[in-house]
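Following: one structure in structure tokens, then a few remarks.
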Amino acid sequence: MLLELLKEVYPEGETLPTTYYEAKKVIRELGLGYDKIHASDSEVWKDFDLEYMSFAMDGRNVRLGITSDGFNPFGNMSNSYSMWPVFVVPYNLPPWKCIKDPFFMMSLLIPGPTAP
């Protein structure tokens, strides 16, 4: 839907860039810049990068984040039974890829009578 809208805005005879590199070229030709940002902008990662420079320089190393969110599987709030899925998310991917299905991995499911 968004791409269709952009196609209408583009001048007649022009086409949308099909790759990331073509899009960067169009941005540069228009005189617009872009800033490269860290996927997890926090002081902890900055300190980690300074302490372990060889790890930070090698793009093949994977940075993972762990998150969990509990819920009541039966929707009955008087029932104290809960489920806690634990997700692993790679942080050294672009933000729009981190939360997509191939990269957003459920590593653990904690069932129990109460929250862990």
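The values are calculated or read from the model by the stated rules, or taken from the named source; none is laboratory data. Quick caveat: nothing in here was measured; it's all calculated off a predicted structure. Counting neighbours? That spans all protein chains shown, and the Cβs are built from the backbone with ideal geometry, glycine included.
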| request: Kindly establish whether Asn92 is among the polar types (S, T, N, Q) and at pLDDT 75 or above. | output: yes
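Closer than 22 Å to Phe104 by Cβ and at pLDDT 75 or above: does that describe Trp84?
Working: closer than 22 Å to Phe104 by Cβ: yes; at pLDDT 75 or above: yes.
So Trp84 fits the description; yes.
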| said: Any residue at all in the stretch 16-28 that's of a type in the set (A, V, I, L, M, F, W, C), out of contact with any Gly (no Cβ under 9 Å at 6 or more places or on another chain) and at pLDDT below 75? | reply: no
